């Protein structure tokens with residue numbers, strides 16, 4: 001099984017400014033934007049800042065190894081591509097199975113093109129088309145977002161286990 005990276009938010013650092021959402025939208029816009037053209041860009045971030053009275057944090061696809069969204073897709077429109085689970089919009093039929101299957105609610109549905117008659121799924125793709133990597137991380141003013149690699153997960157688990165043992 002291919003191990004994947006994902007972006008994770010730190011609620012202790014997130015201020016809920018939604019800069020990550022804007023960075024995501026701009027990273028996935030194919031147009032070269034001028035000051036007037038920005039108004040025509042649909043605001044479709046591939047992550048969502050969740051805010052409560054006490055906390056705020058971006059939530060986005062965890063690039064699950066078993067990818068329940070991909071398993072639920074009858075058209076096989078969600079696939080592993082590099083380090084990310086990627087939606088092939090041209091194959092998506094808008095059935096919403098992926099939305100229902102995602103355990104964290106990180107798959108969205110929209111009409112990608114204006115005037116399109118069919119909605120398609122979309123989700124975080126780790127800015128696969130952007131050389132500099134995930135723009136939400138690059139643009140976050142408080143550095144609340146980071147890439148979590150498989151090795152980082154192992155390190156975190158070991159540190160937690162060590163902490164539990166020391167505190168018992």
Filter pass, residue 48 being closer than 28 Å to residue 156 by Cβ and either surrounded by fewer than 19 Cβ atoms within 10 Å (Cβ to Cβ) or at pLDDT 90 or above (or both)
yes
Flagged in segment 1-15 as buried (at least 16 other Cβ atoms within 10 Å of the Cβ) and either at pLDDT 95 or above or part of a strand (DSSP E or B) (or both), in numbering order, are 6, 7, 8, 9, 14
Considering only segment 125-155, state which residues are surrounded by 12 or more Cβ atoms within 10 Å (Cβ to Cβ) and in a helix (DSSP H, G or I).
135, 136, 137, 138, 139, 150, 152, 153
If you go through segment 68-78, how many residues are surrounded by fewer than 20 Cβ atoms within 10 Å (Cβ to Cβ) and either out of contact with any strand residue (DSSP E or B) (no Cβ under 6 Å at 6 or more places or on another chain) or in a loop (DSSP other than H, G, I, E, B) (or both)?
6
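The values are calculated or read from the model by the stated rules, or taken from the named source; none is laboratory data. Worth saying up front: this structure is predicted, and the values here are computed from it rather than measured. Neighbour counts are summed over all protein chains in view; Cβ atoms, including those assigned to glycine, are modelled from backbone coordinates with ideal geometry.
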